[in-house]
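Data block below; observations after.
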Number of protein chains: 4
Amino acid sequence: MFSFLNDYSEGAHPRILAALQETNLQQEPGYGLDSFSQAAADLLRDVIKQPKAAIHFVSTGTQANLITLSSFLKSYESIIAAEHGHISVHETGALEAAGHKVHALPSQAGKLDPESICDLMAFHKDEHSVRPRVLYISQATEVGTIYNKQELQALRAVCNAHQLYFFLDGARLGNAVVAEGNDADLVDIAGLCDAFYIGGTKNGALLGEAVVIVNPALQDSFRYHLKQRGALMAKGRVIAVQFRELFRDGLYFENARHANAMAQKLAHGIQAHGYAFAQEPQTNQLFPIFPGIVIEKLKKDYESPFQK
Amino acid sequence: MFSFLNDYSEGAHPRILAALQETNLQQEPGYGLDSFSQAAADLLRDVIKQPKAAIHFVSTGTQANLITLSSFLKSYESIIAAEHGHISVHETGALEAAGHKVHALPSQAGKLDPESICDLMAFHKDEHSVRPRVLYISQATEVGTIYNKQELQALRAVCNAHQLYFFLDGARLGNAVVAEGNDADLVDIAGLCDAFYIGGTKNGALLGEAVVIVNPALQDSFRYHLKQRGALMAKGRVIAVQFRELFRDGLYFENARHANAMAQKLAHGIQAHGYAFAQEPQTNQLFPIFPGIVIEKLKKDYESPFQK
Amino acid sequence: MFSFLNDYSEGAHPRILAALQETNLQQEPGYGLDSFSQAAADLLRDVIKQPKAAIHFVSTGTQANLITLSSFLKSYESIIAAEHGHISVHETGALEAAGHKVHALPSQAGKLDPESICDLMAFHKDEHSVRPRVLYISQATEVGTIYNKQELQALRAVCNAHQLYFFLDGARLGNAVVAEGNDADLVDIAGLCDAFYIGGTKNGALLGEAVVIVNPALQDSFRYHLKQRGALMAKGRVIAVQFRELFRDGLYFENARHANAMAQKLAHGIQAHGYAFAQEPQTNQLFPIFPGIVIEKLKKDYESPFQK
Amino acid sequence: MFSFLNDYSEGAHPRILAALQETNLQQEPGYGLDSFSQAAADLLRDVIKQPKAAIHFVSTGTQANLITLSSFLKSYESIIAAEHGHISVHETGALEAAGHKVHALPSQAGKLDPESICDLMAFHKDEHSVRPRVLYISQATEVGTIYNKQELQALRAVCNAHQLYFFLDGARLGNAVVAEGNDADLVDIAGLCDAFYIGGTKNGALLGEAVVIVNPALQDSFRYHLKQRGALMAKGRVIAVQFRELFRDGLYFENARHANAMAQKLAHGIQAHGYAFAQEPQTNQLFPIFPGIVIEKLKKDYESPFQK
């Protein structure tokens, strides 16, 4: 049985395990105050060219979204997301459980457009409604598409016009920034967003996501939020060592390029057989449209999302 | 300046004040354990023909929705409502602040249809999504329309099929049950819903809504919820005395009939001038479609929702 | 059967009902934007000599505590209270349900001393613990005692030293300010506290408490909090009319004086029979120490807190 | 500079890294549905002799406490803990942030006694107070002491008498069960508790704690809670592989014995120099009482908790 189901069905890139091995017996303070966490954060600040960004490492994408977004909001403030946005549909209401409404806006190819955001803002004017305060997008989106630089700039302009913070869910950020035709790199994204996270779990790490808070007004007391949500790991080094390894010489981008290239190969094969895609393949997520008979045949040899 | 803006711009029906006057010096226990609360609850149980219903009095509609709905739900459970449902848009995210997602479904004339609920349920199958657990509707709806008995029965059937509790927001329930052409009375509603509330504030009371929990499985420990949310009034009698007065000889229905009749009169006048309505007038909420020039003219003598 | 159980076993002072009667048919905007709410707030600002204080009317003491305190706090911030403080033990964990720890400190005669607060602060230094942010006291306390002006000033100094907001629960504030030997009036309290509330329910109103936010930094967006917690009454006028009546010519203080005088009379009688008190009677709460045989005898003619 | 500060200042036991290495390229489903998670859970069920226990792996002790305890409670229910209990003082109010009061009871040598729990229960009788619902203890306690079997049985009896669930925080459970003089093993604990967790992070793992829910009534829908709190790791295998390694041949106990033995050696040296301990050393936490001059001298060569 083969599986193309997801990018987290195996362990880590071999260099990740080697790095953990190498650093294993070095004695360090706990709770993310170790030298590896410092070094990994410095490295990331260099890569994104934001020397004052605050950087914290957490263990899952839901933690990254939940803790970061909720730390920005007052109790009556809300988040705008696409209807298929991960926080809207696939995090078991984590943000509502933290007290915040998530507005689910219609999207095109998984992407939000500025107009629908402005329409929403026009309807939220007084204390009988929540006050939208963060714009949440995913890059790559949940359907594998990418916002280009101009689209990101347009969303930033909407955020400026309506006092919204701009947050980018980067669970698949590696695959987005190395994608063919993409023109927004990590420096662009860090320059446009108030905060975002860089996903490790889906790009070669054992576990771990790096939360980047660029806006200084949002950096205060973040460790209180981490601890309160159970995200401050006693051995914070475990994730930091991995990010240091992923970013010290470009392994992060290499992994993403490999994943995209393999997906492209698969996509070409599927296209060669005459099948179309629900979304044009841009990264490593593919949504081919197969007839039922093909699906049944594929299920014999390949893991299927329809089996569970 | 005249105002037709809403049904809570004045105080109470004169008989309400008289009843408060009459009972004022009677000594009673606090926190809703008084004899008036008992009497009012008994009266309501008789009216709805549900001798085992639990009945509690609270001071606002948002309290009624918030406390009742949240008391039914586990942290990962959610509520289905129409996109214009009061809890979706006009309660400042009260239910999200209590931890629960509110799904906003498209509606026709303010009303939900069974099919869209079934579609939603089909998408919420495992622990990566919330689990929808309550169906919330308003009667009359936020646009003044009414679910007829058959429509209510169809929704009940959907609830049964999907293990959903059925909750009805009755802020304007009086206006609905006495509306011309309505075929679902309080007994029908109590028989179909797991819980609902009967609005007093918009139908002659100074303040107060009566929460009715019909389903015995949902009645336990409700006073803990009331107290924790700040809704257990030391002088619980204040609301109970009013409901006793409203229901002891039909004043509640009389008030509602009067409001509907006055609205009908207004509607006929508007129609006579050739204007249409966004929704066919059924209760005491009117949504006439006026040209801008008429709106400007009306604003000179009448309070407008567009002025604030 | 006589009852001295509490100060909310009857309705309202007759003038309260008269005021509601008089204003009943005046047409006004809803949700606390009416002219009565404006007038009552102006009156209170005059009485406390704080022309810039924000004033809001809510229906219960638990609402006043819950909404005001939670609106001041970030998710990881906590409240310091006496072990017998109302929010510690008699509000069903309302503040914890809003996400905040309540530290219960030992007290003398129901009162907190500065030293124990400083000790607590010394233990809460980093992100592994909550950050205490509000000092909560009750005046009169839950055992009927009163903080004098010097004690209040000492607590204010502690608050200044530790960046704590100072909040005073005034459910029984009337009884405190008119008590014999009291030297802290409403102007003093308003000058020392960041926020407090003035209780109406226990001093002649049908219902209602007036939240006073003196510190301008804490006033923003409070109506969002009121609405989200279900405390924004459609007929906000109902409470405002009562506070206008209570404060327009000193009825509030007259009611409190009467209650204290009656309690004094009772206390003297009890003392004359040779019984002592757990707390020296200062306001209208009495805690006589009776032998069991006396308690049993009293139960025959008087309501007892030990019966429920 | 040497550090005896804690048991998480280094990486993992070498066999842990080897196990991750060995299993690294095996393809498995995500989110804890992999074969390693199944195998590790089966192994633990065998060890504790509870074939029907539900077992879940999470990444931190705060997660284990927060998610498990909050999943057991209704909104108005609370938790009883010792005043120095980890959830009382060192988890940044995580449980209050989830809505629940934590009662902090006085303790002797870090341990709760049944009587103080009964006293607390006697004060929590109606809806004006929270309803205590879980008894939380730590084994070993926060001061390194151990409840013996008789003490655990006495607490279980209190729980039975008062409808309390019994939860044990096992961050240092390994050190407790192998401690000299201890008479309660994992089988005893699993037989007495409704739920507990077995700490990995402080006993040789890179990260990870195993939540064990013995009581079948508390097992339902736990994965919803895990996901909503951000604890469901995409590569759930990462923790499972470690627990499988720790428990397949007793490595877990061997690690704990080693830690205790090293601590005993240290303790004997300290005692030989004539110093006493605040708590008699039982596990691997030592609390020697040094004069200031000794502390200053030690700080030159050893990491100190007083430096940060």
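Checking each residue in the stretch A:230-256 for being crowded, with 18+ Cβ neighbours inside 10 Å and of a type in the set (Gly, Ala, Ser) picks out A:230, A:231, A:234, A:236, A:240, A:256.
Selection of the stretch C:120-129 for residues being surrounded by fewer than 16 Cβ atoms within 10 Å (Cβ to Cβ) and within 8 Å of chain D (Cβ to nearest Cβ) yields C:123, C:126.
Which residues, taken from the stretch D:212-255, are in a helix (DSSP H, G or I), polar (S, T, N, Q) and in the same structural domain as residue D:195 (by TED's automatic domain parsing)?
Those that are in a helix (DSSP H, G or I), polar (S, T, N, Q) and in the same structural domain as residue D:195 (by TED's automatic domain parsing): D:228, D:242.
Within the stretch B:22-51, being more than 19 Å from the chain's Cα centre (by Cα) and β-branched (Val, Ile, Thr) holds for one residue alone: B:23.
Of all the residues in the stretch B:124-161, those that are at negative phi, assigned to a loop (DSSP other than H, G, I, E, B) and of a type outside the set (A, V, I, L, M, F, W, C) number 12.
Here is a yes/no grid of residues against (1) over 22 Å from residue C:221 (Cβ atoms); (2) within 18 Å of the chain's Cα centre (by Cα):
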{"site": "A:53", "(1), (2)": "yes, yes"}
{"site": "A:79", "(1), (2)": "no, yes"}
{"site": "A:115", "(1), (2)": "yes, no"}
{"site": "A:123", "(1), (2)": "no, no"}
{"site": "A:136", "(1), (2)": "no, yes"}
{"site": "A:162", "(1), (2)": "no, no"}
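Can you find a residue that is surrounded by 17 or more Cβ atoms within 10 Å (Cβ to Cβ), facing chain A (nearest Cβ under 7 Å) and assigned to a loop (DSSP other than H, G, I, E, B) anywhere in the stretch D:58-65? So far as the stretch D:58-65 goes, yes, one or more of its residues are surrounded by 17 or more Cβ atoms within 10 Å (Cβ to Cβ), facing chain A (nearest Cβ under 7 Å) and assigned to a loop (DSSP other than H, G, I, E, B). Set side by side, the residues A:298, A:251 differ, and just one is among the aliphatic types (A, V, I, L, M) and modelled with pLDDT under 95, which is A:298.
If you go through the stretch B:36-57 and keep only what is outside any helix (DSSP H, G or I) and in contact (Cβ under 8 Å) with a residue 24 or more places away in the chain, you end up with B:49, B:50, B:52, B:53, B:54, B:55, B:56, B:57.
In the stretch D:1-60, which residues are charged (D, E, K, R) and in contact with a helix residue (DSSP H, G or I) (Cβ under 6 Å, 6 or more places away or on another chain)? Passing the criteria: D:7, D:15, D:28, D:34, D:49. Residues in the stretch D:163-188 that are farther than 16 Å from residue D:284 by Cα and touching a Phe, Trp or Tyr at 6+ places or on another chain (Cβ under 6 Å): D:165, D:167, D:168.
Among the candidates B:252, B:224, B:197, the residue that is touching a helix residue (DSSP H, G or I) at 6+ places or on another chain (Cβ under 6 Å), within 28 Å of residue B:97 (Cβ to Cβ) and aromatic (Phe, Trp, Tyr) is uniquely B:197. A single entry from D:168, D:192 fulfils the requirement of being hydrophobic (A, V, I, L, M, F, W, C), in the same structural domain as residue D:64 (by TED's automatic domain parsing) and touching a Lys or Arg at 6+ places or on another chain (Cβ under 7 Å): D:192.
Pick from the stretch D:87-119 the residues that are outside any loop (DSSP other than H, G, I, E, B), of a type in the set (Asp, Glu) and surrounded by fewer than 20 Cβ atoms within 10 Å (Cβ to Cβ): which of them is farthest from the other protein chains (Cβ to nearest Cβ)? Reasoning before the result, please.
To start, the set of residues in the stretch D:87-119 that are outside any loop (DSSP other than H, G, I, E, B) comprises D:87-89, D:94-97, D:102-105, D:108, D:111, D:114-119.
Right, trim to of a type in the set (Asp, Glu) and you get D:96, D:115, D:119.
Now drop any that are not surrounded by fewer than 20 Cβ atoms within 10 Å (Cβ to Cβ), which leaves D:115, D:119.
Working: D:115: 18, D:119: 13 Å.
Among residues in the stretch D:87-119 that are outside any loop (DSSP other than H, G, I, E, B), of a type in the set (Asp, Glu) and surrounded by fewer than 20 Cβ atoms within 10 Å (Cβ to Cβ), the one farthest from the other protein chains (Cβ to nearest Cβ) is D:115.
Every condition in (1) without any contact (Cβ under 8 Å) to a residue 60 or more places away in the chain; (2) crowded, with 22+ Cβ neighbours inside 10 Å holds for residue B:175 except the one numbered (1). Taken together, the residues in the stretch B:6-35 that are part of a helix (DSSP H, G or I) and either under 21 Å from residue C:18 (Cβ atoms) or among the basic types (Lys, Arg) (or both) amount to 10.
Scanning the stretch C:216-225 for residues that are more than 16 Å from residue C:41 (Cα to Cα), more than 7 Å from every other protein chain (Cβ to nearest Cβ) and either within 20 Å of the chain's Cα centre (by Cα) or at pLDDT below 95 (or both) yields one hit, C:218. Selection of the stretch D:68-86 for residues being within 16 Å of residue D:166 (Cα to Cα) and crowded, with 24+ Cβ neighbours inside 10 Å yields D:68, D:69, D:71, D:78, D:79, D:80, D:81, D:82, D:85.
Does the stretch C:1-51 hold any residues that are β-branched (Val, Ile, Thr) and facing chain B (nearest Cβ under 7 Å), and which are they? Result: C:23, single match. Scanning the stretch C:1-57 for residues that are in the same structural domain as residue C:229 (by TED's automatic domain parsing) and of a type in the set (Ser, Thr, Tyr) turns up C:23, C:31, C:35, C:37.
Taken over the stretch C:267-308, residues that are closer than 21 Å to residue C:10 by Cα and assigned to a loop (DSSP other than H, G, I, E, B) amount to 10. Checking each residue in the stretch A:68-113 for being in contact with a strand residue (DSSP E or B) (Cβ under 7 Å, 6 or more places away or on another chain) and under 19 Å from residue D:63 (Cβ atoms) picks out A:68, A:69, A:93, A:95. Please work out if residue B:42 is of a type outside the set (Phe, Trp, Tyr) and surrounded by fewer than 20 Cβ atoms within 10 Å (Cβ to Cβ). When the stated conditions are applied, residue B:42 passes them. Going by the conditions given, is residue D:132 over 30 Å from residue B:233 (Cα atoms), within 13 Å of chain C (Cβ to nearest Cβ) and not small (Gly, Ala, Ser)? No, not satisfied. Restricting C:278, C:259 to those that are exposed (fewer than 15 other Cβ atoms within 10 Å of the Cβ) and over 30 Å from residue C:26 (Cβ atoms) reduces the list to C:278.
The values are calculated or read from the model by the stated rules, or taken from the named source; none is laboratory data. Everything numeric in this text was worked out from a predicted model, so none of it was measured. Don't worry about glycine lacking a Cβ; one is built from the backbone with ideal geometry, like all the others, and counts go over all protein chains shown.
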